[in-house]
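Note sheet for the following structure.
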Amino acid sequence: MDLSSTCKLSRLFGCFFTPLTCKCCVALVTIALFFRAIFLHSFSGYGVIKSNNLRLILSPSLHLESHEGIRGDKFLEVPQIVWGLNNQKIAFARACLTARMLNRTLLMPSLSASLFYKEIDLLHPISFDQVFQYERFNSLCNRFVRLGRYSDLGNQTRKYDLRKGSGRKWTVERDLEQLKQSSRGPIDKYQVISMAGKNPFLWHDHWPVKDYARVFECLVLVDEIAKEADKVVSKIRRIGRKLRSKTNFGAEGSSLSHAPYVAIHMRVEIDWMIHCKKLEQRSRISQICSSKQEIMERVGNIVGLGSTAIVYLAVADSLLNDSSILDGWKRGLVPFEKKKLGVDGIYKKHSYLIQSAIDYEVCSRADIFVGNSFSTFSSLIVLERTQRVIRRGITSSCGIDVRWPSYAYNIPGESNGPQKWMTNMSDSNLKAISYGSNAISC
């Protein structure tokens, strides 16, 4: 740019400079451009976006915003997630929260279609998006946690293998420090951190219940599985309407369009009873196991249950041929399990994991749910139902009637019925509602 053109340019801004002044301006502009180049080079750690010939320099905070709160160019990989449905849900949520702490996207993990300790020959991985809606998850959990696909990785991905510690010496504090160190410094420069070792369910827990609940809320079943659950619930309510009609239960102006039902997660199978007896001895707690008779009696004593109710029994397949679980219920309580209901064919065409997901939905949608407070399955259902109640502005069910009430049949409550049950959402970690723990808060 020559001197005359520079001075002409100055007139565009309403300034009239002498030739000497223009020379000074050119010198100052040249110096400013020189130092600008040095300055930007020294801060090469900032995000850089190239668009044609334009280079935009982003601050770290803006770089984070460009990925909707969680970095989309750094990932966390975890081992295949195993065990029962709800143990897998906890493991998945723990992996998500670990990725959140590292400010990384969690690479979509594989779940397990069957219980490996019962069906070793049938164990096979099943993709997360074959059970839960991938896009819906990222939409609901936007800016909290983020799930990614392996196709998001570049061709020359740099991976760092991070092995989780184990044994008594690997304390919660040491585990947390390892995560903090991995979130910065040389390790953070790798595109992928791959967690090696234990199933995430066995990792140390560093997050409050409300964070887990936030992740669980984002887990929406794929349409195929949700429709199977719809069929089961519709069958239960259809039978309920017929029963109410025959007994004139709705004669006083109440509508028959919605037939309420009770769902009971009935843990009385042999392997559970052996386990819970050992757990009682080890923990010196007597209120873990419940017999069929005890469950029937306490459910029959639920205050305000009404004179007639459909009862859906979510039981292990080993009990489907045991007719005794259908006998001995209080007059007016009409029990059904999947075989008597005529929906066992819906379950049989699916793997163990999908069967559990269907039963989970059926129990979760029940008007009243009764479970065992030492069961992960029951505990996560109550957590979800507690969230619904809280959204209605209710934080305690003590002394009041709430919609979607839940009960624990292993603990005696009012009128020798089951104890009212709401999850304590203020707990500092998930231990209070994990397998083998007691979490009762009305």
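None of the figures in this text is laboratory data; all of them are computed from the coordinates on show. Everything numeric in this text was worked out from a predicted model, so none of it was measured. In this analysis, Cβ positions are derived from the backbone assuming ideal geometry, glycine residues included, and neighbour counts consider all displayed protein chains.
Assorted remarks:
- Between ARG388 and LEU279, the modelled label-to-label distance comes to 2.4 nm, taking each label 7 Å out from Cα in the direction of the beta carbon.
- As a length-normalised measure over Cα pairs under 8 Å and 6 or more apart, the relative contact order of region 100-199 settles at 30 percent.
- Computed FRET value (nearest 0.05) for ASP427 with TYR160, which takes r as the C-beta separation and R₀ as 35 Å: 0.60
- If the chain linking ASP129 and ARG149 were pulled fully straight, counting 0.36 nm for each residue of separation and taking away their Cα-Cα distance, it would gain 6.2 nm.
- Using the Cβ-Cβ distance between LEU326 and GLU414 with R0 = 25 Å, the FRET efficiency computed as 1/(1 + (r/R0)^6) comes to roughly 0.40.
- Violating pairs (Cα-Cα greater than 24 angstrom) within the set LYS242/LYS339; LYS198/LYS349; LYS227/LYS292; LYS227/LYS348: LYS198/LYS349; LYS227/LYS292
- Contour excess over end-to-end distance, with Cα ends at VAL172 and SER139 and 0.36 nm allotted per residue: 8.7 nm
- The ellipsoid that matches the Cα gyration tensor of region 277-316 has semi-axes, each √(5λ) in whole angstrom, of 27, 13, 7, with the longest given first.
- Separation of alpha-carbon centers, region 173-229 and region 353-392, rounded to whole Å: 22
- If you take the alpha carbon atoms of region 300-369 and fit the smallest convex hull around them, that volume is 90 Å³ per residue.
- Fraction of beta bridges assigned by DSSP in region 71-218 that are antiparallel (%, nearest 5): 20
- Average projection area in nm² (convex hull over Cα atoms of region 71-218, one quarter of hull surface): 9.2
- Two-site FRET efficiency, LYS292 against ILE187, from Cβ-Cβ distance with R₀ of 35 Å, rounded to 0.05: 0.05
- Relative intensity, log₁₀ I(q)/I(0), of region 279-427 from a Debye sum that treats every alpha carbon as a point, q = 0.10, 0.13, 0.19 Å⁻¹: -0.37, -0.63, -1.33
- Relative to the Cα centre, the charge distribution of region 71-218, modelled as +1 at Lys and Arg Cβ and -1 at Asp and Glu Cβ, gives a dipole magnitude of about 480 debye.
- Net lengthening on full extension, ALA226/ALA196 (0.36 nm per residue, minus Cα-Cα): 7.5 nm
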